[in-house]
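Below: the structure, in structure tokens.
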Amino acid sequence: MPIASQVHEPSSGLGPPSKGDAFKKSRNPTSPGKPAMPFWKLLLLVAGPGLVVMLADTDAGSVITAAQSGAQFGYRLLVFQLILIPILFIVQELAVRLGLITQKGHGELIKEHFGKGWAWLSVSTLMVSCVGALLTEFAGIEGVGQLFGVPPWISISMTILFLVIVVATGTYRQVEVVAILIGLFELAFVAVAAISHPSVHAMITAIKNQPLRDPNYLFLIAGNVGAVIMPWMVFYQQSAVIDKGLNESHMRAERVDTVVGSVVTQIIMAAVLILVAATIGLKNPDAQLNTVQQIATGLSAILGSWWGRAIFSLGMLGAALVATIVVSLTAAWGLGEVTGYKRSLAHHPFEAPWFYAIYTIALLIGAGIVLSGINLVRLSVGVEVMNALLLPIVLGFLYLLALRTLPERWRLKGWYAWLVGAVVILTALTGVYAGIAGI
């Protein structure tokens, strides 16, 4: 039975696929009379939404925030990258659970259970977060272009053209594969961090010394929380599992997909922090990074000038491009969940004009603001802090939906409901307190 054929209710605005089913030969492992598919095959078939959203999570703004953390405070903020792994999984697993069981997007569920007013509030925070993220992505792409003497308008225009063609002509599965292949360039940061020979002793010493009264340190704590737990991630993964054609029978595999993605994204964040701490932060304490070029220069001590720029550019482009795809799709999905227009990559542009129009408009708005001239590093850290300040709204709705909208089997209850509630409250309060105190 094709997985895609079991979802897409008319009320969801997704409709029956017309650009090609995501899975022509897949089977529901729980269908009576059919042999169960080996889990590893099912995982390869299902994996994608979790990995894509996590690779997008390590976007240009997150990379720059991690770099600024390493430059100003060495290895001190490394511990937060590790702490955020289980928190990230807990948050995104709720989005997976809601998407697979209800077959409805995040905004659609809020509208159904809390009313249009609350839905518009939630989607408004989403749009603010998406625009902020797009600014950092295009600013990162612009910075990489300038490393090689490419004018900003050329690098950004070519990026928009590429992204519009990919989304307008591909099925969800094809777009997902492109996003993963692009995002894997981020692993360049891990490779370079490994050969920077970081000192384990220096890491342990730094982690023990936490300057929690320093406003700059608190500001970067908020930036790192907002760089890992982003409002658009919840909307994206909940919509993506639906658009891909997944259902309740794929819960276990999609959870594994999310776990792997959570670990990978934080390894990349930690690698960037370690790399910059080892090459810039420890040699020049309290260093301020104001341009992408300054971050790339830090790699020159390890790889030489040309290779340093090249490897940094691969990692940054991978981070920025996959995030640009994800964030733009999220804006188009989220707005459609409240307004009701068709919103699926299964439809051709003429069948879902508003979906593709919003996707393209989001790209153009982000590009236009960046081309007006801004400070990339300050903007990127500021956007992540803004994400942290929005967390009470996003995580609050996510938690309430998991308590109220799911059937008994999947509903949050017992000790795990208390644990998730505590994680949500502590994460939101940490982001808000650190952000306000840092400002």
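Mind checking which pairs have a first residue in region 66-94 that is of a type in the set (K, R) and a second that is buried (at least 23 other Cβ atoms within 10 Å of the Cβ), Cβ under 9 Å, 6 or more apart or different chains? Close Cβ pairs satisfying both conditions: R76/S69; R76/A277.
Could you tell me whether region 263-280 includes any residue that is under 19 Å from L395 (Cβ atoms) and either modelled with pLDDT of 75 or more or among the hydroxyl-bearing types (S, T, Y) (or both)? Yes, the conditions are met somewhere in region 263-280.
For (1) closer than 16 Å to S328 by Cα; (2) modelled with pLDDT of 90 or more; (3) surrounded by fewer than 19 Cβ atoms within 10 Å (Cβ to Cβ), each residue gets a yes or a no:
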residue	(1), (2), (3)
T58	yes, no, no
Q68	no, no, no
G74	no, no, no
L88	no, yes, no
S124	yes, no, yes
G149	no, no, yes
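For region 390-439, the tally of residues that are touching a Ser or Thr at 6+ places or on another chain (Cβ under 6 Å) and surrounded by fewer than 17 Cβ atoms within 10 Å (Cβ to Cβ) stands at 0. Would you mind stating whether A191 is at pLDDT below 85, over 15 Å from the mean Cα position of the chain (by Cα), in a helix (DSSP H, G or I) and surrounded by fewer than 16 Cβ atoms within 10 Å (Cβ to Cβ)? Yes. Among residues that are surrounded by 24 or more Cβ atoms within 10 Å (Cβ to Cβ), β-branched (V, I, T), under 14 Å from A323 (Cβ atoms) and touching a residue at least 24 places away in the same chain (Cβ under 8 Å), V46 is not included. Yes or no: region 164-173 includes at least one residue that is surrounded by fewer than 16 Cβ atoms within 10 Å (Cβ to Cβ), at pLDDT below 85 and either in a helix (DSSP H, G or I) or of a type outside the set (F, W, Y) (or both). The answer is yes; a qualifying residue exists. Only residues that are part of a helix (DSSP H, G or I) and either surrounded by fewer than 24 Cβ atoms within 10 Å (Cβ to Cβ) or without any contact (Cβ under 8 Å) to a residue 60 or more places away in the chain (or both) were counted across region 336-358, and they come to 8.
The values are calculated or read from the model by the stated rules, or taken from the named source; none is laboratory data. Fair warning: this is a prediction, and the values are worked out from it, not measured in the lab. Every residue, glycine among them, receives a Cβ derived from its backbone with ideal geometry; neighbour counts consider all protein chains shown.
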